[in-house]
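Before any comments, here is the structure.
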Amino acid sequence: MDLEHVRFNMIEQQIRPWDVLDETVLGLLKRLKREEYVPEAYRNMAFMDIEIPLGHGETMLSPKVEARLVQELKLKPTDKVLEVGTGSGYMTALLASLAKHVHSVDIVPEFVAAAELKLTAHGLSNVSLEVGDAARGWAAHAPYDAIVLTGSEAVLADEFLKQLNPGGRLIAFVGVAPVMAARRIQLIEPGVQVSQDLFETNLRALVNAPQAEQFVF
């Protein structure tokens with residue numbers, strides 16, 4: 001397989017048509033080798049428009065979704081980022097390549113250990129990986145300039161907005177299967193925010209994510 005040709009096709013046929021046009025992001029997708037973060041058994045699927053199984057019932061986001069999230073965060077070299085759900089570590093690598101520092105938290109210790117090896121091997125030292133439950137925020141290093149959730153929440157936990165700096169951006173998947181939205185929220189100042197739904201999707205919920213209230217009649 002000609003990996004560079006397949007990578008080129010992934011960018012041109014999957015990612016650009018999804019309104020990912022930022023040349024910095026596209027250049028990063030060319031440089032960062034996605035296949036090196038995919039589990040060995042699925043490496044030949046690294047460039048397909050699918051969610052790749054990671055084990056523990058979790059999956060890796062599809063390439064176009066990863067790229068769109070990174071673009072919509074509008075990261076700056078001075079940004080401190082929180083990633084909820086380390087997973088394969090590939091999204092972590094994308095974020096770390098654009099931001100000052102990334103704090104990434106996952107509830108599965110095996111994911112954190114594997115991601116740390118990969119990120120270290122690729123020379124990405126501006127990442128702190130932790131094992132924990134961040135489905136309702138992660139106050140340890142707050143406030144953040146950007147927060148991204150890689151799983152869904154039926155109701156977005158209030159703590160995330162409280163942990164953003166003014167001007168900070170949050171992207172989360174909000175809703176209940178089968179329809180939920182990738183939502184971008186920018187905090188203008190405490191208590192004032194602008195929200196935009198980017199696209200509809202259906203993702204597995206974060207472990208211990210807040211649940212919507214059930215009404216009984």
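The values are calculated or read from the model by the stated rules, or taken from the named source; none is laboratory data. Here the structure is a predicted model, which is why all the values come from computation and not from measurement. When we count neighbours, we look across all protein chains shown, and the Cβ atoms used for this are built from the backbone with ideal geometry, even at glycine.
Scanning segment 109-129 for residues that are touching a strand residue (DSSP E or B) at 6+ places or on another chain (Cβ under 9 Å), in contact (Cβ under 8 Å) with a residue 40 or more places away in the chain and either among the β-branched types (Val, Ile, Thr) or surrounded by fewer than 19 Cβ atoms within 10 Å (Cβ to Cβ) (or both) yields a single hit, Glu110.
Out of Val112, Val127, one residue alone is among the aliphatic types (A, V, I, L, M), over 20 Å from Leu75 (Cα atoms) and within 15 Å of the chain's Cα centre (by Cα). It is Val112. Taking residues in segment 164-189 that are at positive phi, and partners anywhere that are surrounded by 14 or more Cβ atoms within 10 Å (Cβ to Cβ), the pairs with Cβ atoms closer than 6 Å and at least 6 places apart or on different chains are Gly175/Ala181. Scanning segment 135-150 for residues that are crowded, with 20+ Cβ neighbours inside 10 Å and either modelled with pLDDT under 95 or out of contact with any Phe, Trp or Tyr (no Cβ under 9 Å at 6 or more places or on another chain) (or both) yields a total of 4.
Among the residues of segment 164-194, those identified as touching a Lys or Arg at 6+ places or on another chain (Cβ under 8 Å) and under 12 Å from Glu72 (Cα atoms) are Arg169, Leu170, Ile171, Ala172, Ala182, Arg184, Ile185, Gln186.
Please determine, by comparing only the residues of segment 23-73 that are among the small types (Gly, Ala, Ser) and surrounded by 16 or more Cβ atoms within 10 Å (Cβ to Cβ), which one is nearest to Leu170 (Cα to Cα).
My answer is Ala67.
Output yes when any residue across segment 153-173 is out of contact with any Pro (no Cβ under 7 Å at 6 or more places or on another chain), surrounded by fewer than 22 Cβ atoms within 10 Å (Cβ to Cβ) and closer than 21 Å to His56 by Cα, and no when none is. So far as segment 153-173 goes, no, none of its residues is out of contact with any Pro (no Cβ under 7 Å at 6 or more places or on another chain), surrounded by fewer than 22 Cβ atoms within 10 Å (Cβ to Cβ) and closer than 21 Å to His56 by Cα.
Being in a loop (DSSP other than H, G, I, E, B) and either over 16 Å from Thr59 (Cβ atoms) or among the acidic types (Asp, Glu) (or both) is the filter here; which residues of segment 23-45 pass it? Result: Leu32, Lys33. Could you check, for segment 81-96, whether at least one of its residues is surrounded by fewer than 22 Cβ atoms within 10 Å (Cβ to Cβ) and within 23 Å of Ala172 (Cα to Cα)? There is no residue in segment 81-96 that is surrounded by fewer than 22 Cβ atoms within 10 Å (Cβ to Cβ) and within 23 Å of Ala172 (Cα to Cα).
Within segment 89-106, identify whether any single residue is modelled with pLDDT of 95 or more, basic (Lys, Arg) and part of a helix (DSSP H, G or I), and answer yes or no.
no
Listed here are the residues, each with its yes/no results for (1) part of a strand (DSSP E or B); (2) more than 18 Å from the chain's Cα centre (by Cα).
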{"site": "Val148", "(1), (2)": "yes, no"}
{"site": "Gly151", "(1), (2)": "yes, no"}
{"site": "Leu156", "(1), (2)": "no, no"}
{"site": "Pro166", "(1), (2)": "yes, yes"}
{"site": "Ala172", "(1), (2)": "yes, no"}
{"site": "Ala181", "(1), (2)": "yes, no"}
{"site": "Leu198", "(1), (2)": "yes, no"}
{"site": "Val207", "(1), (2)": "no, no"}
